[in-house]
Amino acid sequence: VQLQAYGGGLVQAGGSLKLSCAASGSFDSLSLMGWYRQAAGKQRELVGLITRRGSTNYGDSVKGRFTVSRDNAKNTVWLQMNMLKPEDTAVYYCYCLTGGYPNWGQGTLVTVSS
């Protein structure tokens, strides 16, 4: 599975940004899709995950501000980020689970200026 993420960049605090990620390659189904992030000097953490049926799970720090969605037919997942804060600055990694195996994208940098 190859994951290609788009949409990172520089945004001011309080602003919004939307990331997208498309999965390609050979696979049966993508049971889970979503996003993790890693800030400089910190461990990778959960941002949001979504099942094929649309059930979601979010990290505590983004609840109420970020929304993850997906299109099963297009094997695409999005992350809508609102009310961004400087502490949201990180490399955001697209993630999917297929056949019980995790797959990671290359990461896209999101920088939130104060």
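Using a 1.4 Å probe on the protein heavy atoms, what percent of the accessible area of the chain belongs to carbon and sulfur?
Ligands and nucleic acids excluded, carbon and sulfur reach 48 percent.
Residues in region 1-36, backbone N under 17 Å from the label point at residue 83 (7 Å along the Cα-to-beta-carbon vector): list them, ranges by number please.
In region 1-36, the label zone of residue 83 (backbone N under 17 Å from the point 7 Å along Cα→Cβ) covers 12-18.
Would you rank 60, 71, 88 by solvent-accessible area, highest first, keeping every protein chain in place and using a 1.4 Å probe?
Highest to lowest solvent-accessible surface, that is 60, 71, 88.
Counting just the Cα atoms, what span does the chain cover along each of its three principal axes? Round to the nearest Å and put the largest first.
43, 24, 22
Could you calculate the contour length gain from residue 67 to residue 104, that is, 0.36 nm times the residue separation minus the distance between their Cα atoms, to one decimal place in nm?
11.4 nm
For residue 10 and residue 39 in one chain, what is 0.36 nm times their gap in residues minus the Cα-Cα distance, to one decimal in nm?
9.0 nm
Report the calculated FRET efficiency for residue 74 and residue 28 (r = Cβ-Cβ distance, R0 = 25 Å), to the nearest 0.05.
After rounding, the FRET efficiency stands at 0.95.
Any idea of the accessible area per residue across the chain, 1.4 Å probe, to the nearest Å²?
Value returned for the chain: 53 Å² of accessible area per residue.
The values are calculated or read from the model by the stated rules, or taken from the named source; none is laboratory data. Please read these numbers as outputs of a predicted model, since none were measured by experiment. Here Cβ is always computed from backbone atoms with ideal geometry, including for glycine, and neighbour counts include all displayed protein chains. Areas reflect the complete protein model, heavy atoms only, side chains present, ligands, DNA and RNA absent. Shrake-Rupley method; radii C 1.70, N 1.55, O 1.52, S 1.80 Å.
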